[in-house]
Amino acid sequence: MAGSLVCVQFAPAAIAATGKNDPGEVVADEFAGQAVTFLFSPFLGMGAATGRQILITAFMGFVLFRLFDIFKPWPIRKLEKYPAGWGILADDLLAGVFAWIVLQICIRVLIVI
């Protein structure tokens with residue numbers, strides 16, 4: 001939530017300063033999207049997780065989010081067109097949702113990691 005608010009509030013200034021629609025200098029969107037990836041994950045299927053399972057889950061969540069964020073499959077890329085900070089934020093939040101879904105499937109299928 002905090003990453004979302006920071007992104008929407010300050011991204012327009014970063015866009016104006018850099019001249020880029022999605023400046024790499026803005027990382028609050030990445031923070032917010034990554035948080036969505038792990039939302040509720042400790043409570044779904046990981047009741048008695050070992051340290052190894054938690055580390056593997058954290059690694060998988062990070063990688064999944066980055067893949068969805070970099071490749072931006074439909075409809076993630078369409079969200080970049082929202083104005084100012086909303087476009088910067090929305091694509092990362094949806095990438096986080098996609099990563100969350102895949103991560104939950106992986107947790108259930110690979111629970112014996």
Filter result for the condition that a residue is in contact (Cβ under 8 Å) with a residue 40 or more places away in the chain and closer than 20 Å to GLN104 by Cβ, over GLY61, GLY87: GLY61
Mind listing whichever residues of segment 1-29 are without any contact (Cβ under 8 Å) to a residue 40 or more places away in the chain and polar (S, T, N, Q)? THR18
If you check ALA28 against the conditions, is it modelled with pLDDT of 90 or more and in contact with a Gly (Cβ under 9 Å, 6 or more places away or on another chain)? no
Would you mind telling me which numbered condition in (1) modelled with pLDDT of 85 or more; (2) closer than 15 Å to TRP100 by Cβ PRO42 fails? (1)
Listed residues ALA17, ALA95, ALA13; which is among the aliphatic types (A, V, I, L, M) and buried (at least 18 other Cβ atoms within 10 Å of the Cβ)? ALA95
Can you find a residue in segment 73-84 that is in a helix (DSSP H, G or I) and modelled with pLDDT under 80? yes
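The values are calculated or read from the model by the stated rules, or taken from the named source; none is laboratory data. Values in this document were obtained by computation on a predicted structure and should not be read as measured data. We place every Cβ from the backbone using ideal geometry, glycine too, and count neighbours over all the protein chains shown.
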